[in-house]
Amino acid sequence: MKVDLTFKRGEFQLAAQVELNGGVTGICGPSGVGKSTFLALLAGLLRPNTGTLNFSGVDLIDTQRDIFVPAWKRHFGLVFQNGMLFPHLSVRDNLLYGFNRLNPNERHLDLKTVTALLEIEPLLQRRPDQLSGGERQRVALGRALLYSPRLLLLDEPLSSLDDRLKQQILPFLKRVKEETRIPMIYVTHAQAEVDYLADRVLKMEDGRLGE
């Protein structure tokens, strides 16, 4: 992925020029420096002011040529810090929400594989309000994986959990990394998380992204 984007909102300005390869890229920095904004630009949830974004040789953004591929066509998976599960659906139906909207030839993982990987088989009939914080995050991760994303974007996925739950979830994330080989961008303010998980770590400071 080749990124060269600028974004401005009020007094805040973001400028990101970087080339990202496979594996897990960690983006670390304090709150308010632009980490989540950067992920939103990659995901297609925000439009940049200027720049380009190329993924696997395809232009997703080119402001000079008026190219902007919408989020749903990018086929990226998103995991937010609070899980964002559908409260009216069971865990099973949450997991299969994106999966059921894929053509069969686009499905690279199945429910049995993902539930075993994340050890969430006993939770399938529960509702989100019957889950612990760690269970909700594992279900949110499973839902993103079953969407068979080309890229997984994780926005502070452990920030709402206590240290005990973080130590439970991090090994699952490492298993996902090693067993699925889906490239990930992992945003956090916790240096220890990216030290454990990431192959490469970038710093975000005042809207500027760098090594």
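Within the stretch 35-48, residues that are over 17 Å from His189 (Cα atoms) and of a type in the set (Lys, Arg) reach partners that are crowded, with 18+ Cβ neighbours inside 10 Å and at pLDDT 95 or above with beta carbons closer than 9 Å, at six or more positions or on different chains, in the pairs Arg47/Phe7; Arg47/Leu41; Arg47/Ile61.
Residues considered: Leu42, Leu46, Leu53. Of these, the only one that is of a type in the set (A, V, I, L, M), in contact with a Ser or Thr (Cβ under 9 Å, 6 or more places away or on another chain) and over 16 Å from Gln81 (Cβ atoms) is Leu46. Being more than 19 Å from the chain's Cα centre (by Cα) and in a loop (DSSP other than H, G, I, E, B) is true of Gln125. When each of Arg143, Arg164 is tested for being over 20 Å from Gly26 (Cβ atoms), within 16 Å of the chain's Cα centre (by Cα) and part of a helix (DSSP H, G or I), the lone residue that passes is Arg143.
Within the stretch 86-105, count every residue that is among the hydrophobic types (A, V, I, L, M, F, W, C), in contact with a Lys or Arg (Cβ under 6 Å, 6 or more places away or on another chain) and either within 23 Å of Ile185 (Cα to Cα) or not in a helix (DSSP H, G or I) (or both). Here the count works out to 1.
Of all the residues in the stretch 148-161, those that are at pLDDT below 90 and not in a loop (DSSP other than H, G, I, E, B) number 0.
Which of (1) more than 16 Å from the chain's Cα centre (by Cα); (2) surrounded by 15 or more Cβ atoms within 10 Å (Cβ to Cβ) does Ala198 not meet, given it meets every other one? If we test Ala198 against (1) more than 16 Å from the chain's Cα centre (by Cα); (2) surrounded by 15 or more Cβ atoms within 10 Å (Cβ to Cβ), just (1) comes out false. I'm trying to understand the selection: among the residues of the stretch 38-82, which are surrounded by fewer than 20 Cβ atoms within 10 Å (Cβ to Cβ) and touching a Pro at 6+ places or on another chain (Cβ under 8 Å)? Scanning the stretch 38-82 gives Gly44, Thr63, His75, Phe80, Gln81. Remark: pairs (first residue in the stretch 107-124, over 16 Å from Ile169 (Cβ atoms); second residue of a type outside the set (S, T, N, Q) and surrounded by 13 or more Cβ atoms within 10 Å (Cβ to Cβ); Cβ separation under 7 Å; 6+ apart in sequence or on different chains) = Arg107/Phe99; Leu109/Leu145; Leu109/Leu146; Leu111/Leu95; Leu111/Leu96; Leu111/Leu146; Leu124/Val91; Leu124/Arg92.
The values are calculated or read from the model by the stated rules, or taken from the named source; none is laboratory data. Small disclaimer: the values here were computed from a predicted structure and weren't measured. Heads up, the Cβs are rebuilt from the backbone with ideal geometry, glycines too, and the neighbour counts pull from every protein chain shown.
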